[in-house]
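What follows is one structure encoded as structure tokens, with my remarks underneath.
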Amino acid sequence: MKAIQIEKPEVLKIIDIEKPEISEENNVLIKVTASGICGSDVGIYHGRNAAATYPRIIGHEIVGRVEDVGNNVSKLKVGDRVIIDQVVNCGECYACKKGRGNVCGNLHVRGVHIDGGYREYIAVPEDACYLLPDSLSDVEAVMIEPTTIAIQSCSRAELSGEDTLLLLGYGALGSSILKIARLSGAKIIVADIVDEKLKEALNNGADYTINILKEDVVAKAKELTGGYGPTVSIDAACTKDSLSILLKATGNAGRVITMGFSVDPTEVTQFMITSKELDVRGSRLQNKKFGEAIQLIQEGKLNLKGTVSHTFSYLDAQKAFDFIDSKDPSIRKIVLTFE
Ligand code: MN
């Protein structure tokens, strides 16, 4: 069978590998049908993801059909359509025992630390699979994964209807977060540098927008909240200075959620945190949020249709990655198909 491997940064290859076999541990064989291209996949391709190791079969937004099941499988049957959880955790360490396997001390993420979904077949544990709602095609269902990332950030923020959220950045991550954040009933301010995106945010349920290039985001966010400041800030821009901006903007007793992996120092003082008793919390990957995402779709609260802008056959993966590099404004989500 074929797979897409990043042999080393900037080198994408279609390779032939053995079709996986079911084992006691990986007891369900999935025929992959669709696999999304995430910003982190692009980062691994270009050598910008410090966590990744090479060579690597990338892809962590993995949708497929159950092709075969092992003897002890009880919940899945051949033909079931599923999405696969990308987080593989040890179950033994402090984080795992605290129920936070997404930051396991021995974390393995499919497509980052271990081989992922850009291949025709993958064998995984039954528990890593979540049944897809009938209402979504396999290609559309890829968007469930970014949705879980959004749910994770809003749950880390304990976002509720009492809050005003400052959402910094309205790219792929920010737009998924807005979809989830609005379900909480919170007032939402979206900040970005592109007017077109801000218009889109307003159409998708943001209450206010700020163009950071034109206005002082900290002053404007305070003004929009009667001087108090937003009670929750989520960084979906993940730039060098996001954190210091959000620490300044967020009001007393608020929560600041980081999602980026920037290693560039930014100016932060203890005073910024202590004086307002802010909670600064990281939000990484997602912690068993697939069930919640799928339930929201089934209840009709969340619509993921229309978010995938382009599909490419996995055999044209190089073309797909080149197209992403072109930064074509029509790009929203690109999905590789395997049939
Ligand atoms: Mn992703």
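The Kirkwood hydrodynamic radius of segment 103-171, based on inverse pair distances between different Cα atoms, is 15.3 Å. Restricting to DSSP loop positions (anything but H, G, I, E, B) with no more than 15 other Cβ atoms inside 10 Å of their own Cβ, which trypsin sites (Lys or Arg not before Pro) remain in segment 227-326? Passing sites in segment 227-326 are Lys240, Lys301, Lys305. In plain terms, if you count all Cα to Cα distances in the chain and split them into 20 Å steps from zero, the share in each step is 30, 58, 12, 0 percent. With contacts taken as Cα pairs under 8 Å at a separation of at least 6 residues, the chain carries a relative contact order of 17 percent.
Segment 253-314 and segment 159-227 have Cα centres spaced 14 Å apart.
Normalised radius of gyration (Cα atoms, divided by 2.2 N^0.38 Å) for segment 165-263: 0.95.
Sparse packing (at most 15 other Cβ atoms within 10 Å of the Cβ) combined with a DSSP loop state is found for the following trypsin sites (Lys or Arg not before Pro) in segment 62-129: Lys75, Lys77, Lys98, Arg100. Of all the options Lys214, Lys31, Lys19, the one that moves most in a Gaussian network model of the chain with Cα springs shorter than 10 angstrom is Lys214. Annotation: average projected area of segment 221-285 is 4.2 square nanometres, based on the convex hull of Cα atoms across all directions.
Seen from Leu168, the other residues with C-beta closer than 11 Å to its C-beta sum to a net charge of -3, counting Lys and Arg as +1 and Asp and Glu as -1.
Once the mean 1/r over all distinct Cα pairs of segment 275-339 is inverted, what Kirkwood radius in angstroms do you read off?
Kirkwood radius, segment 275-339: 15.3 Å.
Averaged per residue, the chain has 46 square angstrom of accessible surface, using a 1.4 angstrom probe with ligands and nucleic acids left out. Pair-distance distribution of segment 56-161: all C-alpha pairs, bin width 10 Å, starting at 0; shares per bin in whole percent are 14, 39, 37, 10, 1.
With +1 on each Lys and Arg Cβ and -1 on each Asp and Glu Cβ, and nothing else charged, work out how big the dipole of the chain is about its Cα centre, in Debye to the nearest 20.
Working: 39 positive and 46 negative charges, 117 e Å.
Value, rounded to 20: 560 debye.
When you restrict to C-alpha pairs under 8 Å that are six or more residues apart and normalise by the size of segment 295-339, the relative contact order lands at 47 percent. Taking label positions 7 Å along the Cα-Cβ direction at both Thr53 and Ser309, the computed distance is 3.5 nm, reported to one decimal.
Reported value for segment 2-109: 121 Å³ per residue, from the convex hull of its C-alpha atoms. Projected onto the charge dipole of the chain (+1 at Lys/Arg Cβ, -1 at Asp/Glu Cβ, origin at the Cα centre), which of Thr337, Leu178, His310 gives the Cα projection farthest towards the positive end? Farthest along the dipole direction, towards plus: Leu178. Here the label points at Phe261 and Asp134, each 7 Å from Cα along the C-beta direction, are separated by 4.0 nm in the simple model.
Using R0 = 35 Å, the C-beta based FRET efficiency linking Lys327 and Glu223 works out to 0.60. Comparing Val268, Ser23, Thr258 along the charge dipole axis of the chain, the residue lying farthest to the positive side is Val268, per the Cβ-charge model. Loop-resident GluC sites (Glu not before Pro) (DSSP state other than H, G, I, E or B) in segment 79-156 with no more than 14 further Cβ atoms inside 10 Å of their Cβ: Glu92.
The values are calculated or read from the model by the stated rules, or taken from the named source; none is laboratory data. Source: prediction; values computed, not measured. All Cβ positions, glycine included, derive from the backbone under ideal geometry; neighbour counts span all protein chains shown. Side chains included, ligands, DNA and RNA excluded: accessible areas come from the protein's heavy atoms. Shrake-Rupley method; radii C 1.70, N 1.55, O 1.52, S 1.80 Å.
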